[in-house]
1. Counting other beta carbons within 10 Å of each residue's own, what order do Trp528, Trp621 fall into, fewest first?
2. Any idea what the dipole of the stretch 537-642 comes to, in debye rounded to 20, about its Cα centre with Lys/Arg Cβ at +1 and Asp/Glu Cβ at -1?
3. Give me the base-10 log of I(q)/I(0) for the stretch 503-662 at each q in 0.13, 0.18, 0.21 Å⁻¹, Debye formula, one uniform scatterer per Cα, rounded to two decimals.
4. Put a dot 7 Å past each Cα toward the Cβ at Asp250 and Arg602; how far apart are the dots in nm?
5. Identify the trypsin sites (Lys or Arg not before Pro) of the stretch 317-388 meeting these criteria: DSSP loop state and at most 11 other C-beta atoms within 10 Å of the C-beta.
6. Which percent of Cα-Cα pairs in the stretch 1-144 sits in each 10 Å bin, short to long?
7. Would you work out the charge dipole size for the stretch 584-704 about its Cα centre, treating the Cβ of every Lys and Arg as +1 and the Cβ of every Asp and Glu as -1, and quote it to the nearest 20 debye?
8. Once the Cβ-Cβ distance between Ala136 and Gln292 is put in as r, and R0 is 51 Å, what FRET efficiency do you end up with, to the nearest 0.05?
Amino acid sequence: MSRSIATMTIAFEQDVVAARQQTRRIASLLGFETQDQTRLATAVSEIVRNAYRYAGNGEISFVIEGERSPQVLIVTVTDHGPGIADLEAVLSGQYRSSTGMGLGLIGSRRLVDQLDIRSDRAHGTEVRLKKLFPPASPVVDDAGSARLKANLAASAKPSALEESQQQQRELLRALAELRERQEELRRANHELEDTNRGVVALYAELDEKADHLRRADEMKSRFLSNMSHEFRTPLNSVRALSGLLLDHVDGPLSGEQRTQVEYIRKAAADLSELVEDLLDLAKIEAGRIDVQPTEFTIGNLFSALRGMLRPLLVSESVVLRFEAAPDLPALFTDEAKVSQILRNFISNALKFTERGEVRVTAELADDDRSIVLAVADTGIGIEAAHHDLVFEEFAQVKGPLQKRVKGTGLGLPLCRRLADLLGGNIALASEVGVGSTFTATLPIRYEDRVEVATPPVEVPLRAAGSNRLPVLIVEDDAELQRYYAKILRSTAFRSVAARSLREAREAMRNEPFVAIILDILLRGEETWQFLTELKADPETRAIPVIVATEVDEEGKIAALGADAYLRKPVDRHRLLSELKRLTGSRILVIDDDPATRYALRRLLGHAPYRIVEAIDGQTGWAAAHAMRPQLILLDLGLPDMSGNELLDRLKRHPATRDIPVVVATAHDLSAAEISTLGLQAQAVLTKLELEERVVETVAAALQAAVPIPQ
């Protein structure tokens with residue numbers, strides 16, 4: 001709800017001073033601190049001065065927006081002048097004039113929370129300055145608004161001399177604060193110099209100790225590696241020779257001899273397993289283990305494990321089950337290491353489960369970018385106090401089965417290291433007497449995390465599944481986060497969860513988002529200021545923000561710049577409709593074949609795109625200038641001009657040269673022709689390839705494109 005506080009007419013030069021005085025009085029009555037009063041009054045007087053100087057007249061209004069704290073003070077300055085011809089240049093700081101126009105607008109924007117401006121020759125200029133109330137300010141309701149108006153009417157208007165004296169006092173106060181800060185800075189510099197000397201000495205000592213640790217770590221890894229290799233040869237010999245004896249190569253063995261040799265062979269096998277685990281750990285710690293990613297399916301992996309581990313089922317009272325969710329994507333990672341992790345999990349589960357079942361499952365994670373592999377058993381379970389212990393090297397939990405079931409204590413630590421090497425993690429949930437569940441969450445596609453400085457190369461098109469549009473969900477309720485993730489799972493969008501403003505800011509530093517879904521009330525914090533910052537920052541202003549909340553403040557939410565307002569509980573269809581409306585990319589299809597245009601509409605219809613069609617080159621040229629699309633799909637065989645000619649014109653003109661163009665043609669092109677087109681087009685497709693490649697090609701081209709000014 002909006003409450004008008006005061007209005008003024010700008011007709012004379014002294015009205016600039018009066019506007020500054022009125023702004024300061026209103027800010028003071030609303031509880032703003034002295035510094036904020038000065039900032040707001042300075043910003044308003046600068047905008048009013050521009051209105052008087054360039055338009056000769058105007059109006060100013062003061063409005064309070066919102067029903068609950070923090071409310072928003074909105075000061076609107078309008079004029080009916082000629083408008084600002086170079087508004088974008090002015091706001092970007094590039095424009096300079098003899099009068100200094102532009103610097104005032106930029107300076108005023110820094111003094112308030114938000115500054116919105118609309119300007120054109122027909123309607124003049126409107127500037128809206130917004131400032132959030134201080135947290136301690138009381139809410140201004142209808143009665144408070146009436147009192148505020150009465151106070152303004154009763155207060156005497158200061159003269160120009162008094163205003164000059166007030167500005168002088170503000171300047172003196174600012175200078176005093178500046179001198180105080182300079183003195184603080186000088187003292188801080190002296191303290192930093194002393195601290196810096198101490199830090200330098202500390203770094204030297206730390207470097208020396210770090211060097212000792214590195215050498216010790218290298219020696220440990222070298223020892224483990226050498227020891228493992230030295231043990232391998234005699235162990236292999238023992239296993240081979242015992243195998244010969246058991247196969248009766250040199251004659252039969254007595255029953256007692258056979259038992260003894262089997263014990264020898266079993267001991268050698270156990271020791272060999274220990275050596276292999278030690279060697280793997282040593283390789284990982286030394287950074288010498290290689291990841292060899294290949295594409296494979298969960299079905300094939302489970303089939304191999306089922307046959308490999310069936311001999312471990314020594315009791316009919318335990319059942320080994322494999323269950324995979326339907327429609328799981330193929331994995332691109334190191335199959336041998338994934339198999340090694342699961343083998344360790346399953347063998348441990350079978351060792352410590354006397355009856356019941358061991359269930360191996362696979363399902364897609366909520367982020368749609370990882371696979372969750374779990375091994376659940378109905379065994380003896382692990383006490384909560386020992387959950388961390390089982391992942392320590394050589395550590396074993398004492399229990400009723402431990403004496404009977406021997407182990408090295410290296411399997412689970414190795415699993416954790418392997419999962420980390422593949423970019424994933426290991427988790428354990430267990431209860432004594434109920435059973436344990438070991439879970440490995442691994443990325444569907446392995447990505448090498450080592451950054452190597454290489455010259456820039458052309459980025460190949462990615463698979464369609466990797467081009468889903470990221471949406472940041474700022475919501476502290478875990479159930480609602482899952483709800484949003486499920487809504488977006490089968491769409492062109494993917495959800496990225498943030499349960500606090502700190503997580504939201506961190507996510508925005510790591511990834512660009514096509515939209516933000518924002519709750520106002522988070523646990524322990526409100527997001528009004530965050531919304532204000534998003535819409536005030538030039539780098540984030542264009543990101544659509546959908547406020548989904550229980551707070552009934554639609555007017556204030558719109559005033560702070562939100563692009564849509566949804567009341568909880570959020571309707572699925574309404575949310576998807578708003579996302580498509582706010583994020584839809586404009587695609588211009590220039591093709592004279594109606595069948596091809598129909599096919600493209602159907603193929604791209606499920607994605608958030610708005611498609612406009614042109615049936616010849618001249619119409620396409622005009623549409624490209626009028627609608628400024630994010631992408632053009634161009635046929636080379638147009639009735640009125642060559643597609644190559646149109647492509648050349650588009651890339652030469654400043655207004656259209658940054659629009660990515662994907663050529664879709666039925667012509668047979670030579671390698672040289674495709675190479676020539678590739679210098680100007682983002683991609684070249686034959687019409688036979690449309691059904692298979694157009695979705696991923698369009699998504700990749702849009703993702704790599706330079707933003708087109710609107």
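Values quoted throughout were computed directly from the atomic coordinates according to the rules given, and no laboratory measurement underlies them. Keep in mind that what you see is a predicted model, and the values were worked out from it rather than measured. Every residue, glycine as well, gets a Cβ built from its backbone with ideal geometry; the counts of neighbours run over all protein chains shown.
1. On the way: Trp528 23, Trp621 19.
Ranking Trp528, Trp621 by Cβ neighbours within 10 Å, fewest first, gives Trp621, Trp528.
2. On the way: 14 positive and 16 negative charges, 69 e Å.
The dipole of the stretch 537-642 has a size of about 340 debye.
3. Once normalised to I(0) and log-transformed, intensities are -0.75, -1.03, -1.24.
4. The two pseudo-label positions are separated by 7.7 nm.
5. Working: sites: Arg321, Lys337, Arg343, Lys351, Arg355, Arg359, Arg369; in loops: Arg355, Arg369.
Counting only loop positions with at most 11 other Cβ atoms within 10 Å, the trypsin sites (Lys or Arg not before Pro) in the stretch 317-388 are Arg355.
6. So the P(r) values, bin by bin, are 12, 44, 32, 11, 1.
7. Working: 12 positive and 16 negative charges, 118 e Å.
Computed about the Cα centre, the dipole is about 560 debye.
8. Numbers: r = 61 Å, r/R0 = 1.20.
That gives a FRET efficiency of 0.25.
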